[in-house]
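One structure is given here, and the rest of the page talks about it.
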Amino acid sequence: MKKELELPLGKRTGLYRFFEILPGALSYFAVILLFLLSYFTPILAAIYLLLIISATLVKAIAVAFRTWQGFETMKKAERVDWRKRVEDLATPHEAYERVRGTRSEAYGIEEHIKNLKRISVAEKGKYPNPEKVYHAIIMVAYNEGLETLIPSIEAIREADFPNERIIFVFGYEARGGEEMRKNAEEIKKKYKETFSKLIIAEHPDGVKGEIKGKGPNLCFAAEKLSEYVRKKGIKSENVIVTSLDSDNRVSKGYLDYVLYEFITRENRQKVSYQPISLFTNNIWDAPAPMRVIAMSNSFYNVISTMRPHNLRNFASHSQPLEALEGMGYWSKRTIVEDGHQYWRSLFYFRGDYEVIPIRVPIYQDAVIGETLLETLKAQFIQLRRWDYGASDVAYVGVRLFDKKKRRGVPLVELVPKFIRLLDGHVTLAMMSPIVAFGGWVPAIMNLTARGMAVFNLPRVVSVVQTIAVIGLFVTILTSLRLLPERPKKYKKVKGVMMVLQWILMPVIALVYTSLAAYYSQTRLMIGKYMEKFDVTRKVVKK
């Protein structure tokens with residue numbers, strides 16, 4: 001079963017190669033088609049371009065609305081006392097009698113009352129006792145320093161969830177060298193009495209069948225966790241595993257929020273829990289281009305939680321240990337093990353799997369290198385790694401034609417998921433250059449054309465882009481509300497720069513968003529696979 005879920009290494013089948021080539025081929029063809037239509041039939045080129053521009057306008061407006069809506073929902077969820085709600089689940093009947101009929105605008109209060117009523121009359125054992133459930137935190141690292149690691153561990157320690165029911169696993173790479181071993185020893189010394197158990201796991205280098213990436217490290221750490229859980233007689237079905245990068249800082253209510261969702265769902269083993277990743281830890285220290293990218297990615301993650309049917313695993317997420325053990329944890333063969341985990345889980349559970357939005361943040365770092373040039377390069381490397389998620393197109397595509405590998409996932413459900421996956425990667429690559437320059441192509445490619453539609457295209461596109469700026473203003477206002485408090489070392493003028501930085505958006509969309517996507521898709525097309533996880537540098541400024 002685990003073999004059926006794994007990605008191929010080495011030579012691929014012809015069908016697999018077809019689907020690896022498909023995203024890049026479509027992304028290039030979308031741009032080439034504009035030139036071909038412009039040369040032979042400028043009117044069709046104008047229609048093609050206007051359809052794309054109109055779709056962009058609709059998306060811009062939708063993004064503005066969803067960003068604002070998602071931000072407001074996140075703030076409401078953050079104000080909830082999730083520790084108290086979890087405690088209510090331990091005595092559901094008494095809690096129901098206390099809160100029923102309560103008039104409150106608190107986030108999810110009506111659903112909470114329904115949950116209490118349902119659990120209070122359920123047969124014994126159907127819903128786990130909150131006091132019997134453990135959180136296991138796996139934090140992985142390669143060469144990060146204590147200035148990054150300690151604040152992330154402190155955020156776990158200071159969370160509302162009891163430390164005595166937290167199993168903390170620090171997984172680091174042996175190839176990180178002696179410095180990482182010293183960091184591990186320092187962490188062990190500092191936190192050995194803090195949690196229920198602290199496990200140090202050094203992942204060996206050069207293991208056959210593994211890429212050099214985060215996935216193998218995660219799996220090795222998870223295996224150590226499973227060994228400990230079995231030794232202590234803890235049921236793996238009562239352990240929730242959260243994977244964290246070294247710069248990830250959980251919000252105070254995150255662990256209790258996940259526990260609440262875990263307990264109240266009958267299919268709790270067949271779901272994973274996805275928080276909102278906000279790249280704001282060091283946002284005030286980052287250069288302007290990186291701030292725009294960090295905030296844009298934060299917006300995307302806020303929006304994603306408002307569309308649960310499209311939600312996928314990204315970066316930090318939580319999943320029951322029992323499920324992870326069954327599917328062999330994460331993939332050891334991809335540099336995008338987080339996004340790939342969605343598809344791995346979907347096929348493992350034969351389509352009966354979903355990602356539950358956890359509408360509170362886990363805070364992460366924006367990209368910062370030692371110099372501006374190093375920072376700009378590191379940002380591109382990070383984005384091209386994320387965009388290598390296009391490799392999942394082949395993983396899913398071959399299963400459309402292989403009933404055994406599809407493992408019972410209905411085609412009527414899988415085909416729309418596949419189309420959205422493919423469309424997302426193609427759009428990411430081709431949209432920015434077409435929107436930026438497409439209005440001039442029909443007139444330049446066909447100088448003999450005299451149609452008003454053709455020669456007015458640049459003006460029409462400009463008007464549509466101006467309207468789209470309204471949506472950008474809304475996101476700018478939201479970005480200011482997402483920002484952490486301005487550090488005292490920066491003057492108020494820095495706040496003005498947080499607004500002016502958005503004039504860089506068109507250039508960033510072309511150079512980073514589009515070019516990084518084309519880079520990754522081209523690598524897939526020519527079979528130059530990215531099988532090494534390039535760790536993103538995130539320098540901590542003193």
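Miscellaneous remarks
- In the stretch 87-119, of all residues being outside any helix (DSSP H, G or I) and of a type in the set (Lys, Arg), the one that is farthest from residue 129 (Cα to Cα) corresponds to 103.
- Top-ranked residue of the stretch 362-390 - restricted to ones that are part of a helix (DSSP H, G or I), in contact with a helix residue (DSSP H, G or I) (Cβ under 8 Å, 6 or more places away or on another chain) and among the aliphatic types (A, V, I, L, M), ranked as surrounded by the fewest Cβ atoms within 10 Å (Cβ to Cβ): 376
- The residue pairs whose first member lies in the stretch 296-309 and is basic (Lys, Arg), whose second member is in a helix (DSSP H, G or I) and at pLDDT below 90, and whose beta carbons are closer than 8 Å, counting only pairs six or more residues apart or on different chains, are 307/66.
- Residue 47 meets each of the listed conditions (1) aliphatic (A, V, I, L, M); (2) crowded, with 16+ Cβ neighbours inside 10 Å; (3) modelled with pLDDT under 95 apart from (2).
- Criterion violated by residue 160 - all others in (1) assigned to a helix (DSSP H, G or I); (2) touching a residue at least 60 places away in the same chain (Cβ under 8 Å) satisfied: (1)
- Filtering the stretch 138-160 to residues that are among the acidic types (Asp, Glu) and surrounded by fewer than 21 Cβ atoms within 10 Å (Cβ to Cβ) leaves 147, 154, 158, 160.
- Pick from the stretch 205-234, criterion in a loop (DSSP other than H, G, I, E, B) and modelled with pLDDT of 95 or more, ranking: surrounded by the fewest Cβ atoms within 10 Å (Cβ to Cβ): 233
- Residue within the stretch 291-301 that is farther than 19 Å from residue 533 by Cβ, of a type outside the set (A, V, I, L, M) and in contact with an Asp or Glu (Cβ under 8 Å, 6 or more places away or on another chain) present: no
- Scanning the stretch 83-134 for residues that are out of contact with any strand residue (DSSP E or B) (no Cβ under 6 Å at 6 or more places or on another chain) and of a type in the set (Ser, Thr, Tyr) turns up 91, 96, 102, 104, 107, 120, 127.
- Of all the criteria given as (1) farther than 18 Å from residue 523 by Cα; (2) touching a residue at least 60 places away in the same chain (Cβ under 8 Å); (3) in the same structural domain as residue 289 (by TED's automatic domain parsing); (4) β-branched (Val, Ile, Thr), the one not satisfied by residue 381 is (1).
- Test: residue in the stretch 259-275 that is basic (Lys, Arg), under 29 Å from residue 128 (Cα atoms), touching a Ser or Thr at 6+ places or on another chain (Cβ under 7 Å) and not in a helix (DSSP H, G or I): no
- Criterion (in a helix (DSSP H, G or I) and touching a Phe, Trp or Tyr at 6+ places or on another chain (Cβ under 9 Å)) met by exactly one of 34, 51: 34
- With respect to being under 30 Å from residue 300 (Cα atoms), touching an Asp or Glu at 6+ places or on another chain (Cβ under 6 Å) and either in the same structural domain as residue 306 (by TED's automatic domain parsing) or not hydroxyl-bearing (Ser, Thr, Tyr) (or both), residue 86 fits the description.
- Test: residue in the stretch 8-29 that is over 30 Å from residue 347 (Cβ atoms), assigned by TED's automatic domain parsing to the domain that holds residue 424, among the aliphatic types (A, V, I, L, M) and within 31 Å of the chain's Cα centre (by Cα): no
- In the stretch 429-516, counting only helices (runs of 4 or more DSSP H) that sit wholly within it, the ones holding 2 or more residues that are under 29 Å from residue 70 (Cα atoms) and modelled with pLDDT of 75 or more span 457-482, 493-500, 505-508.
- Contacts under 9 angstrom Cβ, first residue in the stretch 167-186 being closer than 23 Å to residue 136 by Cα, partner of a type in the set (Val, Ile, Thr) and assigned to a helix (DSSP H, G or I), 6 or more apart: 167/229; 168/153; 168/156; 168/187; 170/153; 170/187; 186/150
- First in the stretch 39-58 and of a type outside the set (Lys, Arg), second anywhere and surrounded by fewer than 13 Cβ atoms within 10 Å (Cβ to Cβ), Cβ under 8 Å, 6 or more apart: 57/467
Residue by residue, here is whether (1) touching a Pro at 6+ places or on another chain (Cβ under 8 Å); (2) small (Gly, Ala, Ser); (3) surrounded by 15 or more Cβ atoms within 10 Å (Cβ to Cβ); (4) on the phi > 0 side of the Ramachandran plot holds:
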site: 16; (1), (2), (3), (4): yes, no, yes, no
site: 28; (1), (2), (3), (4): no, no, yes, no
site: 33; (1), (2), (3), (4): no, no, yes, no
site: 38; (1), (2), (3), (4): yes, yes, yes, no
site: 52; (1), (2), (3), (4): no, no, yes, no
site: 93; (1), (2), (3), (4): no, no, no, no
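- Residue 347 on the phi < 0 side of the Ramachandran plot, in contact with a Lys or Arg (Cβ under 9 Å, 6 or more places away or on another chain), not assigned by TED's automatic domain parsing to the domain that holds residue 499 and not small (Gly, Ala, Ser): yes
- Test result for residue 196, polar (S, T, N, Q) and either closer than 21 Å to residue 340 by Cα or over 27 Å from the mean Cα position of the chain (by Cα) (or both): yes
- Per-region count, the stretch 336-384, residues aliphatic (A, V, I, L, M) and under 19 Å from residue 395 (Cβ atoms): 3
The values are calculated or read from the model by the stated rules, or taken from the named source; none is laboratory data. Given the structure is predicted, the values throughout are model-derived calculations rather than measurements. Quick reminder, even Gly has a Cβ in these numbers, built from the backbone with ideal geometry, and neighbours come from all protein chains shown.
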